[in-house]
Amino acid sequence: MPVAVITGAGSGLGRAIAHELATRGYLVHATDLDPDAAAATAAEIGTGARPAALDVRDEDACRALAAEAAARGGTLDLWVNNAGVLDTGRSWEQDGATRRLMLEVNALGTMNGTVAALGPMTSVGRGHVINVISLAGIVAAPGEVNYSASKHAAMAFTLGTLFDLRRSGIDGIAISALCPDGIWTPMLEDKLDDPDAAGSFSGHLLTPKRVAEEVGRLAERPRPVVVLPRWRGPLLRLFDLSPRLALRLLPWVMKDARRKQRRYKKRIESGQWP
């Protein structure tokens with residue numbers, strides 16, 4: 001049976017991914033900073049699932065876990081870097097500790113997990129790393145600037161590492177960047193009244209199950225970049241390509257995002273969504 005490691009699997013999207021991969025026949029290693037949360041996810045899955053405490057900021061711990069997972073099944077088939085943190089607010093008003101946490105978990109954690117997974121994968125010439133990036137890795141997100149900066153770094157690392165694998169003649173290992181719209185997880189559940197988080201509600205709010213299903217499909221058919229929903233990618237890239245236009249449209253875009261955020265709040269509080 002193939003072996004998969006999922007970071008941040010104690011709740012939200014990570015938990016949903018762990019369940020999805022288990023249904024697809026993977027032996028799941030559910031990891032989380034909170035060992036009790038990781039254990040709960042593994043217990044829900046049952047046979048074949050193992051929990052592990054993992055701080056993705058710890059490079060040595062990531063390497064040790066990759067080696068353990070590979071030893072279990074002979075190879076490490078899939079590693080999903082899902083762990084992430086989000087703090088909203090104006091970039092110049094966030095303190096250094098807040099910026100550092102997002103950079104270390106979202107960017108450095110993705111790097112640590114990817115490099116750790118590539119150890120056993122390169123030794124056998126096959127494997128797949130899926131990095132959950134977010135649309136914030138494609139466009140500079142107002143109100144979530146430092147989060148977006150960390151995700152841009154993760155995106156550059158993901159694609160650049162894939163390029164380096166290919167130029168090194170390694171064709172059997174895939175690296176994918178999954179860029180979903182806002183997801184209704186604990187990361188957003190306390191931000192329904194936060195105007196700085198409006199951008200996360202500006203498109204199509206996704207459920208963890210919907211994104212986890214995309215991870216499952218991506219695991220079976222690797223692609224370098226997947227945007228979810230697909231129509232959001234080209235639209236948002238226009239803002240990066242035309243920053244002067246983006247500045248002119250920004251007041252209208254944020255007003256509309258705030259309107260959608262309020263609408264989601266009403267639907268959620270009335271039990272109409274999800």
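The values are calculated or read from the model by the stated rules, or taken from the named source; none is laboratory data. Since the structure is predicted, the reported quantities are computational estimates derived from the model, not experimental observations. Glycine also receives a Cβ, built like all others from the backbone with ideal geometry; neighbour counts cover every protein chain displayed.
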Name the residues in segment 46-80 that are under 17 Å from Gly109 (Cβ atoms), among the aliphatic types (A, V, I, L, M) and assigned to a loop (DSSP other than H, G, I, E, B), would you? Leu54, Val56
Within segment 23-41, residues over 21 Å from Met102 (Cβ atoms) and surrounded by fewer than 22 Cβ atoms within 10 Å (Cβ to Cβ) come out as Thr23, Arg24, Gly25, Leu27, Pro35, Asp36, Ala39, Ala40
Which listed residue is at pLDDT below 95 and aliphatic (A, V, I, L, M), from Ala117, Ala140: Ala140
By residue number, the members of segment 121-130 that are in a helix (DSSP H, G or I) and surrounded by fewer than 22 Cβ atoms within 10 Å (Cβ to Cβ) are Thr122, Ser123, Val124
For segment 19-35, which positions are among the acidic types (Asp, Glu) and without any contact (Cβ under 8 Å) to a residue 60 or more places away in the chain? Asp32, Asp34
Leu65 surrounded by 15 or more Cβ atoms within 10 Å (Cβ to Cβ) and under 14 Å from Ser148 (Cβ atoms): no
Does segment 69-108 hold any residues that are closer than 27 Å to Glu20 by Cα and surrounded by fewer than 16 Cβ atoms within 10 Å (Cβ to Cβ), and which are they? Ala71, Arg72, Gly73, Gly74
Expected output for segment 98-126 (first residue over 16 Å from Ile6 (Cα atoms), partner among the polar types (S, T, N, Q) and not in a helix (DSSP H, G or I), Cβ below 6 Å, 6+ apart or cross-chain) is Val124/Thr75
Looking at segment 153-206 only, could you name the residues that are of a type in the set (Lys, Arg) and touching a helix residue (DSSP H, G or I) at 6+ places or on another chain (Cβ under 7 Å)? Lys191
Qualifying helices (runs of 4 or more DSSP H) (wholly inside segment 173-268; at least 3 residues being without any contact (Cβ under 8 Å) to a residue 40 or more places away in the chain and hydrophobic (A, V, I, L, M, F, W, C)): 232-241
Quick check on segment 77-120: of everything there that is of a type in the set (A, V, I, L, M, F, W, C) and in contact with a His (Cβ under 8 Å, 6 or more places away or on another chain), which residue is farthest from Arg221 (Cα to Cα)? Trp79
Could you tell me which residue of segment 164-199 is surrounded by the most Cβ atoms within 10 Å (Cβ to Cβ), considering only residues that are of a type in the set (Gly, Ala, Ser) and under 24 Å from Met111 (Cα atoms)? Ala177
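If you check Asn106 against the conditions, is it closer than 21 Å to Gly203 by Cβ and either modelled with pLDDT under 95 or in a helix (DSSP H, G or I) (or both)?
Working: closer than 21 Å to Gly203 by Cβ: yes; either modelled with pLDDT under 95 or in a helix (DSSP H, G or I) (or both): yes.
Against the criterion (closer than 21 Å to Gly203 by Cβ and either modelled with pLDDT under 95 or in a helix (DSSP H, G or I) (or both)), Asn106 qualifies.
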